[in-house]
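Participant: I have a structure I would like to understand better, so I am pasting it below and will then ask my questions one at a time.
The values are calculated or read from the model by the stated rules, or taken from the named source; none is laboratory data. Keep in mind that this is a model prediction, so the values were computed, not measured. Here the Cβ positions follow ideal geometry from the backbone for every residue, glycine too, while neighbour counts run over all protein chains shown.
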Protein chains: 2
Amino acid sequence: MVDVKNTESKSEAGAGPLPHNVHSGPHAETYQRILNVAEGLFAKNGFSATSMRGITSEAGVNLASVNYYFGSKENLIVQVLSRAIRPFNEERLSHLNAAISKSMPNPVPLQEVLHALIQPCFNMCFDPTKQQVFQLMGRSLSEEGEFIKEVVNKEWHPILAKFNPHLRAALPHLTEEEIFWRLHFTMGAVIHTGCHHQQLTLMSAGLCRPDGARTLKQIIDYATAGLLAPGSK
Amino acid sequence: MVDVKNTESKSEAGAGPLPHNVHSGPHAETYQRILNVAEGLFAKNGFSATSMRGITSEAGVNLASVNYYFGSKENLIVQVLSRAIRPFNEERLSHLNAAISKSMPNPVPLQEVLHALIQPCFNMCFDPTKQQVFQLMGRSLSEEGEFIKEVVNKEWHPILAKFNPHLRAALPHLTEEEIFWRLHFTMGAVIHTGCHHQQLTLMSAGLCRPDGARTLKQIIDYATAGLLAPGSK
DNA sequence: GTTCGTTTCAAACGATCGTTTAAAAGGAAA
DNA sequence: TTTCCTTTTAAACGATCGTTTGAAACGAAC
């Protein structure tokens, strides 16, 4: 048996999604199955309300498998979050790079910067096979446990660094501080809409029936105007 | 002993904050102490991560007191939420009514409608003695348990009904559907900012140091422009 | 077939959960 | 003081929690 206790419990998880254990062979199936089921249950019910027994029974694996592969529930949460966020942020970056190439040598239009930032959100949260991932991210901001926010912030930071200069170029009338404010508002609108769009349907008595394309257009129109509003500069 | 089991467990909680038990006398102290402590712990750690033992020990009351006065943890959550939301929404309405009187017979300017809707949020979440309440409301949208969302929606509905005609009057260029979309975006920005403003400080590396007044001005500028953006009408 | 490292398994660990119970304590009315 | 109802209390209920254990099952190497 592999000794799992020598590994740091507060594991920094190293550079990426590396499993808690060194494992090779057919185990990959169990490992991945746990990740997939955990992602769905965490998204649906929250972290603390999801039990390891709920995960393992739905995944059809033994209860001890989670601690065998991930060491602890806390580390499982970190792995689930990291895996969920990564491809999502990669899509943002590839959209932005495409927009940069297309606009070269001119600055990227604001709408296209916003599109690259936001489109992956709604592409995800209206896809029945992936919507749980976005719910998961929205939930992770409100959930107890500081280590959860750390994961989200760690993944968000390089995205911000890449988008920031293009926002500054597109919004020369704003101070850097104002850009941060309005970007924060925009992300709030995106996250809230992505996670709670059923509330919009409810509030409008069915008048608004959000889907990916319509939601994207509506929020880009709104955010573009909000960001372009006069600043103090 | 009062028989508590004949009362409906899935209690609709009647018309308001009425306690689970009919009680009169000095008990009010225990009852209120539970509500106050529960509010703080729910806000800080979430509903399912907060235990009854944690509540009662911090409140200095007996463990059984919660079930005696509230019947169940679920009903305690409902009571805490309802009590927290009510004065907050009353402040919104009184601000709106003041703005109506001032503008009479002209329509209320959009900025003032937004001010009435938003100001109580930031008045609350930057007040150290009340900030937990807003965190609680933001959390309640993401938390497991459908009954939680029901409470929030029930309290939100009359607010929407009262504000809606003034939004329509101030935004004649938008369809009703578009107004709902953009109002939803605005509330997303408000809730996200109110609940996670420390993330803004982090993201801006300390450049943005939100306080009630500054946050209010920034978000009203942003949301006004977003709502006034051209529509499809 | 035997060996050895990996993975799975059933079972149990101690801890904590929300809730219930029956008795004790308290306090006003008689 | 006695009565009656309200409130508080300590203790226990069964259930579930995350985690650990040691043995069984598996699969390649020899």
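Participant: Which one of these does A:Lys130 not meet: (1) more than 13 Å from every other protein chain (Cβ to nearest Cβ); (2) touching a residue at least 40 places away in the same chain (Cβ under 8 Å); (3) of a type outside the set (A, V, I, L, M)?
Facilitator: Condition (2) is where A:Lys130 drops out.
Participant: Moving on. Among the listed residues A:Glu74, A:Glu58, A:Glu91, identify the single one that is charged (D, E, K, R), away from DNA strand C (no atom under 16 Å from the Cβ) and not in a loop (DSSP other than H, G, I, E, B). If you could, list the steps in order and put the result at the bottom.
Facilitator: Numbers: A:Glu74 fails: away from DNA strand C (no atom under 16 Å from the Cβ); A:Glu58 fails: away from DNA strand C (no atom under 16 Å from the Cβ).
Within the list A:Glu74, A:Glu58, A:Glu91, the selection yields A:Glu91.
Listed here are the residues, each with its yes/no results for (1) over 29 Å from A:Glu177 (Cα atoms); (2) touching a residue at least 12 places away in the same chain (Cβ under 8 Å); (3) not in a loop (DSSP other than H, G, I, E, B).
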{"position": "B:Gly138", "(1), (2), (3)": "no, yes, yes"}
{"position": "B:His157", "(1), (2), (3)": "yes, no, yes"}
{"position": "B:Asn164", "(1), (2), (3)": "yes, yes, yes"}
{"position": "B:Pro210", "(1), (2), (3)": "no, yes, no"}
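Participant: Out of A:Gly71, A:Gly145, A:Gly46, which single residue is within 14 Å of chain B (Cβ to nearest Cβ), farther than 23 Å from A:Ala189 by Cα and either surrounded by fewer than 17 Cβ atoms within 10 Å (Cβ to Cβ) or within 16 Å of DNA strand D (Cβ to nearest atom) (or both)? Break it down into steps so the answer makes sense when it comes.
Facilitator: Values: A:Gly71 fails: within 14 Å of chain B (Cβ to nearest Cβ); A:Gly46 fails: farther than 23 Å from A:Ala189 by Cα.
Just a single option satisfies the conditions, and that option is A:Gly145.
Participant: Taking the stated definitions as given, is A:Glu150 modelled with pLDDT under 95, away from chain B (no Cβ under 11 Å) and at negative phi?
Facilitator: Working: modelled with pLDDT under 95: yes; away from chain B (no Cβ under 11 Å): no; at negative phi: yes.
When the stated conditions are applied, A:Glu150 does not pass them.
Participant: Return the only residue of B:Val113, B:Val133, B:Val108 being part of a loop (DSSP other than H, G, I, E, B) and either within 22 Å of the chain's Cα centre (by Cα) or under 30 Å from B:Ala170 (Cα atoms) (or both). Even if it seems obvious, please write down each step before you answer.
Facilitator: Details: B:Val113 fails: part of a loop (DSSP other than H, G, I, E, B); B:Val133 fails: part of a loop (DSSP other than H, G, I, E, B).
Selected residue: B:Val108, the only one of B:Val113, B:Val133, B:Val108 that is part of a loop (DSSP other than H, G, I, E, B) and either within 22 Å of the chain's Cα centre (by Cα) or under 30 Å from B:Ala170 (Cα atoms) (or both).
Participant: Also: How many residues does region B:154-192 hold that are closer than 21 Å to A:His196 by Cα, buried (at least 20 other Cβ atoms within 10 Å of the Cβ) and modelled with pLDDT of 95 or more?
Facilitator: First pass over region B:154-192, keeping only residues closer than 21 Å to A:His196 by Cα: B:154-161, B:163-164, B:176-192.
Filter once more, keeping what is buried (at least 20 other Cβ atoms within 10 Å of the Cβ): B:178-192.
From the residues that got through so far, the ones that are modelled with pLDDT of 95 or more too are B:178-190.
Result for region B:154-192: 13.
Participant: A:Cys195: within 22 Å of B:Ser232 (Cβ to Cβ) and modelled with pLDDT under 95, yes or no? So that I can check it myself, show each step before the final result.
Facilitator: Details: within 22 Å of B:Ser232 (Cβ to Cβ): no; modelled with pLDDT under 95: yes.
No: the conditions fail for A:Cys195.
Participant: Let me ask you something else. Right, B:Leu41: within 23 Å of the chain's Cα centre (by Cα), over 19 Å from B:Val152 (Cα atoms) and either at pLDDT below 95 or not aromatic (Phe, Trp, Tyr) (or both) or not? Don't jump to the end; show me each part of the working.
Facilitator: Numbers: within 23 Å of the chain's Cα centre (by Cα): yes; over 19 Å from B:Val152 (Cα atoms): no; either at pLDDT below 95 or not aromatic (Phe, Trp, Tyr) (or both): yes.
It is false that B:Leu41 is within 23 Å of the chain's Cα centre (by Cα), over 19 Å from B:Val152 (Cα atoms) and either at pLDDT below 95 or not aromatic (Phe, Trp, Tyr) (or both).
Participant: Does B:Leu183 meet the test of being free of Cβ contacts under 8 Å to residues at least 60 places away in the same chain and either within 7 Å of chain A (Cβ to nearest Cβ) or in contact with a Leu (Cβ under 6 Å, 6 or more places away or on another chain) (or both)? Give the derivation first.
Facilitator: Values: free of Cβ contacts under 8 Å to residues at least 60 places away in the same chain: yes; either within 7 Å of chain A (Cβ to nearest Cβ) or in contact with a Leu (Cβ under 6 Å, 6 or more places away or on another chain) (or both): no.
So B:Leu183 fails the test.
Participant: Please work out if B:Ser24 is modelled with pLDDT under 50 and more than 14 Å from DNA strand D (Cβ to nearest atom). Before you say what the answer is, go through the steps one by one.
Facilitator: Numbers: modelled with pLDDT under 50: yes; more than 14 Å from DNA strand D (Cβ to nearest atom): no.
When the stated conditions are applied, B:Ser24 does not pass them.
Participant: Can you work out which of the residues in region B:140-155 that are assigned to a helix (DSSP H, G or I) and of a type in the set (Gly, Ala, Ser) is farthest from B:Ser72 (Cα to Cα)? First the steps, then the outcome.
Facilitator: First, the residues of region B:140-155 that are assigned to a helix (DSSP H, G or I): B:140-142, B:146-155.
Imposing the further condition that a residue be of a type in the set (Gly, Ala, Ser) reduces the set to B:140, B:142.
Working: B:Ser140: 18, B:Ser142: 21 Å.
Top of the filtered list is B:Ser142.
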